[in-house]
Amino acid sequence: MAGPDLETALPAGASLLIDTSVVLAYLTGSEPTSPLATRLFDSLIATGRNPAALSTVTVQEILVRPFRRGSAAVATAEGFLRHFADMRIVDVSYEIAREAARIRSVSGLRTPDALIIATAVVTAADVILTNDLSWKAAIDAGAGLRVHRLAD
């Protein structure tokens, strides 16, 4: 999805579940999808146009690099995770874990990916955004999600 198609693909008011890969593209600013991730966060989420959520799995994945770099990097990442717009952090519940097991049983995805996708299913997100090519199997497995890859 490129250019103005981002706004077309994500209708105003559609709830979004954001995968780790998209958050990292935004935070690093150095990936091929970073400009689209920046537009997503700064123009669609920060303005309230689209409500967004992250799985606690994404929180864990986002914090690994900062912990390796030191306390200032951790503070920056946590500032984003805790205070960016009205972005919601969704805990892994029994229902999410169960749905992740179902997704893994039919797709073979790794547990973290299955948990993030299951979070979108259980919270009834309208769209999940990712850069991950391997998620097609899970989505085709009947998860019932609209998925948009920023890299497309």
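The values are calculated or read from the model by the stated rules, or taken from the named source; none is laboratory data. Quick caveat, the model's predicted, so the values are computed rather than measured. Positions of Cβ are backbone-derived with ideal geometry, glycine not excepted, and every protein chain shown enters the neighbour counts. Note: areas computed on protein heavy atoms with side chains; ligands, DNA, RNA excluded. Shrake-Rupley method; radii C 1.70, N 1.55, O 1.52, S 1.80 Å.
Any residue that is modelled with pLDDT under 95 and either closer than 20 Å to Asn131 by Cα or surrounded by fewer than 14 Cβ atoms within 10 Å (Cβ to Cβ) (or both) - is there at least one of those in the stretch 47-60? No, because not a single residue in the stretch 47-60 is modelled with pLDDT under 95 and either closer than 20 Å to Asn131 by Cα or surrounded by fewer than 14 Cβ atoms within 10 Å (Cβ to Cβ) (or both). Counting only residues that are assigned to a helix (DSSP H, G or I), farther than 22 Å from Ala14 by Cα and open to solvent by less than 50 Å² (accessible area, probe 1.4 Å), the stretch 62-98 holds 8 of them.
Just for the stretch 12-30: of the residues that are in contact (Cβ under 8 Å) with a residue 60 or more places away in the chain and in a loop (DSSP other than H, G, I, E, B), which one is farthest from Thr58 (Cα to Cα)? Restricting to residues being in contact (Cβ under 8 Å) with a residue 60 or more places away in the chain and in a loop (DSSP other than H, G, I, E, B), the top hit is Ala14. Scanning the stretch 100-112 for residues that are assigned to a helix (DSSP H, G or I), surrounded by fewer than 22 Cβ atoms within 10 Å (Cβ to Cβ) and not β-branched (Val, Ile, Thr) returns Ala101, Arg102, Arg104, Ser105, Ser107, Pro112.
Residues that are closer than 19 Å to Leu145 by Cα and in a loop (DSSP other than H, G, I, E, B) do occur in the stretch 39-58.
Here is a yes/no grid of residues against (1) under 18 Å from Thr123 (Cα atoms); (2) touching a Lys or Arg at 6+ places or on another chain (Cβ under 9 Å):
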| site | (1), (2) |
| --- | --- |
| Leu16 | yes, no |
| Val23 | no, no |
| Ser30 | no, no |
| Ser34 | no, no |
| Thr38 | no, no |
| Leu44 | no, no |
| Ala53 | yes, yes |
| Thr56 | yes, no |
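Evaluating Asp126 against the criteria (1) farther than 23 Å from Ser43 by Cβ; (2) modelled with pLDDT of 85 or more; (3) open to solvent by 40 Å² or more (accessible area, probe 1.4 Å) leaves one unmet condition, (1).
Within the stretch 18-42, can you find the residues that are over 13 Å from the mean Cα position of the chain (by Cα) and open to solvent by less than 10 Å² (accessible area, probe 1.4 Å)? Scanning the stretch 18-42 gives a single hit, Ser34.
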